[in-house]
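Structure first, commentary second.
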Amino acid sequence: MNRTFRGRTLSEARDAAETVFGPDVVVLQRRKVKQKGFSGVLGATEFEIEVGQSVTGAMLDGALAEAPVARGYAPSRTSVPETTGTLHFARGVYEDGEEAPEQGGGRASSADIARIENEVRAVRAMLYRMASSPDKVQSQLHSIRRAVDEMAPRTSAPERVERMIDDSGLTGAPARALSKRLRHHEGDDESLVEAYRDALADLIKVRAWPLATTERRMIALVGPPGVGKTTTAAKLAAAAIANHGATVTFVGCDTYRVGAVEQLECYADLLGCECIIVKQQKELHRAIRKSESDIVIVDTAGRGPEGEQAVELGVGATRQRDAKGTGWEDRTRHVLLCLDAALRYTDATAVCARYAACSPTAIAITKLDLTTAPGGLIHGPACAELPITLLCHGQRVPEDIAPATAGRILDYLAPRHRYAN
Ligand SMILES: Nc1nc2c(ncn2[C@@H]2O[C@H](COP(=O)(O)OP(=O)(O)OP(=O)(O)O)[C@@H](O)[C@H]2O)c(=O)[nH]1
Ligand SMILES: [Mg+2]
């Protein structure tokens with residue numbers, strides 16, 4: 001069904017194709033070739049295009065002959081509207097000079113609906129036919145895409161940079177810094193993607209996750225309501241027990257939210273861990289000191305620290321016990337500020353300021369599975385001036401957690417396949 005046409009220019013070749021196939025002809029390939037005859041021997045060239053037809057009545061007939069009989073009706077020549085030229089979807093409904101009805105206006109008669117049904121069947125038959133030779137269809141689609149890409153107006157470097165920044169979900173100061181750095185980039189799309197990834201890499205800060213070492217540790221989870229603190233606590237505990245054979249004690253500080261205590265106790269039961277619930281800073285410190293487990297995991301309330309006596313502030317105390325008996329000894333302190341992957345820059349500023357009182361040591365990013373624009377990966381570290389230590393990408397305990405690495409973070413923010421042709 002495809003044919004080639006030649007001309008001294010592309011439009012001359014296209015004109016030749018249109019005289020045979022009409023204006024809806026589809027250009028599948030174009031190339032420069034040697035002219036035929038003597039002038040070709042002397043090096044003269046011309047353009048050759050390969051064209052295919054749009055969907056025509058004849059094609060539909062062929063497709064219908066091969067299509068399976070769907071339940072409730074059988075495709076037949078008589079059930080297909082006459083199509084002499086290019087098929088426009090539901091063409092029959094607007095025949096005899098009738099205008100297409102405005103949205104919400106006009107009423108289709110049962111004859112109109114029957115015609116639409118026929119055309120849907122015909123399109124379905126075409127799809128069935130295409131599916132039976134997928135390689136050919138794929139290669140034709142590829143050629144069409146390449147031809148369209150070549151015809152499309154080139155977007156400027158600043159526009160492409162803005163689009164990539166937007167795709168990553170970046171806002172505020174980090175977005176402006178990236179835009180400024182890459183605005184004058186020269187080179188093809190691929191080199192721009194690499195330059196963008198390099199610029200992002202300079203903004204990414206990571207730290208080894210708290211299960212990377214074996215010393216006695218206190219790991220506290222702080223952060224906004226519902227961000228995933230308790231789930232992350234359970235994931236860490238499960239990974240520590242399963243992968244490192246560590247012993248774990250949970251300490252819960254959330255006696256406010258309905259069901260918070262039961263939620264933590266349920267995880268403790270499942271994992272066979274000790275679970276202690278505390279209401280005051282002193283109780284918190286005592287529980288941490290007294291625990292004989294390798295790791296104490298402190299789950300705090302989402303409402304955030306309020307007032308000097310807030311129990312969450314206890315995780316901010318330094319390691320050494322002070323004169324009042326607060327603090328704890330011989331445990332490395334990890335306070336993880338949990339932030340949603342989709343957190344915007346302005347919100348990150350407010351959240352980081354609110355939880356600074358807990359003296360976080362690193363950031364845990366959660367809910368990476370719920371966004372394709374995880375700007376929080378850059379906004380959190382920029383606002384809190386802290387590195388990222390772990391990444392959570394789902395609700396499953398313990399599977400959906402991984403140590404943070406610069407490579408993983410880059411692939412969340414700007415995966416190469418997103419910009420591949
Ligand atoms: N999709 C997805 N859901 C998550 C993730 N982490 C936690 N969740 C879900 O988010 C909801 C809240 O999780 P919690 O762990 O209770 O959040 P929290 O921060 O402890 O909540 P509060 O204690 O009320 O402040 C639950 O339904 C979790 O299953 C994640 O990485 N991805
Ligand atoms: Mg919780």
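The table below gives the values:
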{"quantity": "Boolean, A240 is within 16 Å of ligand 2 (Cβ to nearest atom), touching a residue at least 40 places away in the same chain (Cβ under 8 Å) and within 32 Å of the chain's Cα centre (by Cα)", "calculated": "no"}
{"quantity": "Residue tally, condition in contact (Cβ under 8 Å) with a residue 24 or more places away in the chain and either out of contact with any strand residue (DSSP E or B) (no Cβ under 7 Å at 6 or more places or on another chain) or within 14 Å of ligand 1 (Cβ to nearest atom) (or both), over region 193-207", "calculated": "7"}
{"quantity": "Set A220, A233, A238: member being surrounded by 21 or more Cβ atoms within 10 Å (Cβ to Cβ), in a helix (DSSP H, G or I) and within 16 Å of ligand 1 (Cβ to nearest atom)", "calculated": "A233"}
{"quantity": "Answer residue from region 333-376, given it is of a type in the set (S, T, Y) and within 11 Å of ligand 1 (Cβ to nearest atom) and is nearest to Y419 (Cα to Cα) among those", "calculated": "T371"}
{"quantity": "Subset of region 333-376 that is of a type in the set (K, R) and at pLDDT 95 or above - its residue that is surrounded by the most Cβ atoms within 10 Å (Cβ to Cβ)", "calculated": "K367"}
{"quantity": "Flag for V123 being of a type in the set (V, I, T), at pLDDT below 95, in a helix (DSSP H, G or I) and assigned by TED's automatic domain parsing to the domain that holds E194", "calculated": "no"}
{"quantity": "Within region 241-262, tally of residues that are within 14 Å of ligand 1 (Cβ to nearest atom) and part of a helix (DSSP H, G or I)", "calculated": "3"}
{"quantity": "Search result, residues across region 34-44 that are modelled with pLDDT of 80 or more and surrounded by 13 or more Cβ atoms within 10 Å (Cβ to Cβ)", "calculated": "K34, Q35, A44"}
{"quantity": "Residue count for region 155-205, restricted to those that are under 23 Å from A384 (Cα atoms) and in contact with a Ser or Thr (Cβ under 7 Å, 6 or more places away or on another chain)", "calculated": "3"}
{"quantity": "Residue pairs meeting the criteria (Cβ under 8 Å; at least 6 apart or on separate chains; first under 17 Å from G223 (Cβ atoms), in region 365-376; second of a type in the set (V, I, T))", "calculated": "I365/I388; T366/V227; T366/T231; T366/T232; K367/V227; P374/I365; G375/T171; G376/I365"}
{"quantity": "Single unsatisfied condition, E265 versus (1) in a loop (DSSP other than H, G, I, E, B); (2) within 16 Å of ligand 2 (Cβ to nearest atom); (3) charged (D, E, K, R)", "calculated": "(1)"}
{"quantity": "Some residue of region 190-203 being away from ligand 2 (no atom under 16 Å from the Cβ), part of a strand (DSSP E or B), surrounded by 14 or more Cβ atoms within 10 Å (Cβ to Cβ) and within 25 Å of the chain's Cα centre (by Cα)", "calculated": "no"}
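The values are calculated or read from the model by the stated rules, or taken from the named source; none is laboratory data. Predicted, not measured: the structure shown is a model, and the values here were computed from it. Glycine gets a Cβ as well: all are built from the backbone with ideal geometry, and neighbour counts include every protein chain shown.
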